[in-house]
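Read-outs throughout are calculated quantities, based only on the coordinates presented, and are distinct from any laboratory measurement. Fair warning: this is a prediction, and the values are worked out from it, not measured in the lab. Ideal geometry is used to build each Cβ from the backbone, glycine not excepted, and the neighbour counts take in all protein chains shown.
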Amino acid sequence: MNSWKKKVWLFFASMKTGLFLLGLIVLVSAAGTLFSANIYGSLLFKIVFGLLAINLGVCSINRFNIAYRCTFYPSIPRNIHAVPPKMRAIIPGKSSDLRMQLGKVLNARGYSMISMETNDGWAFAALKHRWGYWGTFIVHIAFIMIIVGIVMGNFGFYGKLIAWQGEVVSFNKINFNKGSVGKNYSIKINSIEDRFMPNGERDNWYTNISIIRADKELARGTLSVNHPFKYDGIYYYQSSYMDYARITIATEGETFEDIVPLGLISDQEKAATSMQHRFEQEIGNSKIYIKGLKLQNQPYAYMQVYNRKGEKKPTMIKLSEGQTGTIFDQTRITMSELTNSTGLEIKADPGVSVVWLGSGLLFAGLILSFYRRPLLVSGVFTGKEEEGTLLLGMSTGRMQRYNKTDFDHIIKFLKQL
Amino acid sequence: MYQALQSIETYSIYVILIIYFLAMFVYWLAARANRGAKFAYVLTVIGWSGNTVALIARTMRAQRLPLSNGYEFIIAFCWAIVLILLYSEFRFKLKMLGAFVMPIPFLLISYVIMLMEPSKTAIQAIPPALKSYWLVFHVITAILAYGAFAVSFGLGLMYILKTYYEENVLKVELRLPPAMVLDELSYKIIIFGFSFLTLVIITGAIWANYAWGTYWSWDPKETWSLITWIIYAGYLHARLMLEWRGKRAAWLAILGFVAILFTFFGVNYLLPGLHSYA
């Protein structure tokens, strides 16, 4: 490898590079929550993630060879100097007895042992939890998969739809915030419901929709929050709901019509205080403003009516469907209909499955790394004829105390001979 | 029955506060005198039992697991902190760990009693977005993860104080276990917490995808959970690959828990977003 290529490779293989990039992501992410969320969509932020993916990829490639070799070809020490030095024990005894008992105790403790003859005896290596060598590799690959899944998501689309009951909306007329797609069918809103439980608590918002093409229904289903509807690889999510009142105002010889959004109250005694938090809406060009509330499970609405000039005191009026009331002495207000709208989010993300797979692998890799750590015991027996000395040692790894317990048990068993 | 359960829950919270305070105080005395730790442990067990009673009463009143708002999360969080503390002390024979961990649930319960508005502690209807089985997985993994990190925070503090005493920076002697024991135990507990924190983020992403059609939206709560995850990932990497142990590891464990406190309190009260439930 050329020297500059090698330098680049070593740079991306470095743990310090990885930690630096993670630190950068932490700082930028924190800044985004405190200052502006636009930072998350910035090119610079994406570049940092791209560099992290490269860092993970290079580390994974480096790690693959090591993991493969350690898993399938654990190294047997050729001489006493190659026996792991930090945790060692010396056991004198007969070659055949020691070899047999060693195999027995290692097998009982879940190790796989291989051995070979040497010039003056024999040597062995025994491995337990061998698949633990792959834990870190799997975690890194999983992270790369998640990043790939996120990138794939950019090739999907996302849009919002607010519609009335009975409305039919062509798919191509949907307002897409990201991406776009052409489909030759429409979405019909069959029914919209704000459902409540017997104890008065809201259950959920339900929208029943049909997918239709040339008056033929292709699919039908009901969606609610946490229960999306899927058709043709596209998901429909229930995101919002709103009650409305269709009203007509007749004043000074003119008539104005409009739709007023209504908040929801469970108790009519809360109408006055709840009305303070409602936003006011001008009805047409009438200079008359209305705030509205609907009483839960009841077919009428409360409206607070303002004259913008402040000439007249705001009036609270309660109306049911079809009812007309008089305000400001001569102004007539009619609520012709109580209606509602549903807010749907429509989305297709080709990367979601990859993200889920990556997430599953990430967790599996962590469990392998932390809870199935490989343990390697190796040693050499040297001696003249049958009598000799077994020198064995254990790779300490990062959990020295945990490894020592296992090692001590093996030594104790062998010393009982 | 409902009123009785409400009374049980309310009185349990006050009893928890008193017992957690007593346990904390006895632990502090025991840290100096090297005795009394068993009594502190017993007090902690009693306090935890009271915490369990409060959670059961709340469950029975609300007809669901108490995991849906800030108040319920704090009570469950304290329960998990103390559970993991009790297990760690029992399993690893650490007598003084409570002196450094018990202040956390004590302060959290104090906050609930003294500063939380009654409207925040009342049982409220769950919005449709929270009506999902993922709520249970997501929040339970969160309280276990955060509980573990609270204990590792205590261990980090113990390590720092131990080394400051040995370096003659701290003049007061505390009967603390060997530094290596504290360091290794902190590492084990962080591994446990990190595994659960990973599950928190994954289950949260799955749930968000079902509820809102997007698994990640850089919501402040999501972002700070990720920041916390990265801090602990940094701790594990630095420990495994760069041999970061001792003081540096202890400070990272402390920093990680500060990030958790910000994830809960800072995000809830300073940075509202989609996640403004708990």
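Things worth noting here:
- Interchain or long-range residues, amide H under 5 Å from A:TYR300's placed H: A:LEU295
- Taken along the Cα-to-beta-carbon direction at a fixed 7 Å, the label points for A:GLU252 and B:ARG175 span 8.8 nm.
- If R0 is 45 Å, the Cβ-Cβ spacing of A:VAL148 and A:SER3 corresponds to a FRET efficiency of close to 0.90.
- Shape of segment B:19-125, Cα gyration tensor, a/c cut at 1.5: prolate
- Size of electric dipole in segment A:1-95: Cβ of Lys, Arg +1 and of Asp, Glu -1, about Cα centre, debye, nearest 20: 540
- For the protein assembly as shown: rounded, prolate or oblate by the Cα gyration tensor [a/c cutoff 1.5]: prolate
- Residue separation of A:THR118 and A:ASP232 scaled by 0.36 nm, minus their Cα-Cα distance, works out to 34.4 nm of gained length.
- What the phi angles of segment A:239-246 give under the Karplus curve with 6.51, -1.76 and 1.60, with θ = phi - 60°, is a coupling list of 10, 7, 8, 8, 8, 9, 10, 8 Hz, glycine and proline written as x.
- Theoretical FRET efficiency, 1/(1+(r/R0)^6), r = Cβ-Cβ of A:GLN281 and B:GLN124, R0 25 Å, to 0.05: 0.30
- The magnitude of the dipole of chain A, with charges of +1 and -1 set on the Cβ of Lys/Arg and Asp/Glu and taken from the Cα centre, is near 2200 debye.
- Here the dipole of the protein assembly as shown is about 2440 debye; that uses its Cα centre as origin and unit charges on the Cβ of Lys and Arg (positive) and Asp and Glu (negative).
- With 0.36 nm allotted per residue and the present C-alpha distance subtracted, the A:PHE49-A:ASN184 stretch has 44.9 nm of extension available.
- Backbone HN-Hα couplings from phi across segment A:94-111 [Karplus 6.51/-1.76/1.60, Hz, Gly and Pro as x]: 7, 4, 5, 5, 4, 5, 5, 5, 4, x, 5, 5, 5, 5, 5, 9, x, 8
- Other-chain or far-sequence residues with amide H under 5 Å of A:TYR241's (modelled H): A:GLY343
- Listed residue (A:MET145, A:LEU414, A:ASN172) projecting farthest to the positive dipole end of chain A, Cβ model: A:LEU414
- Whole-Hz couplings from phi, Karplus 6.51/-1.76/1.60, listed for segment A:352-362; x for Gly and Pro: 4, 4, 5, 5, 5, 4, x, 5, x, 5, 4
- The A:GLU386 and A:ASN79 beta-carbon pair, evaluated with R₀ = 22 Å, returns a calculated FRET efficiency of approximately 0.60.
- Options A:PHE279, A:LEU24, A:VAL305, ranked by Cα towards positive dipole end of the protein assembly as shown, top entry (Cβ charges): A:LEU24
- Segment A:252-408: C-alpha gyration tensor shape, a/c 1.5 cut-off, then a/b vs b/c: prolate
- Checking the cross-link pairs A:LYS404/B:LYS95; A:LYS183/A:LYS216; A:LYS188/A:LYS287; A:LYS412/B:LYS95; A:LYS173/A:LYS287; B:LYS93/B:LYS247 against a 26 Å limit on the alpha carbon distance flags A:LYS188/A:LYS287; A:LYS412/B:LYS95; A:LYS173/A:LYS287 as lying beyond it.
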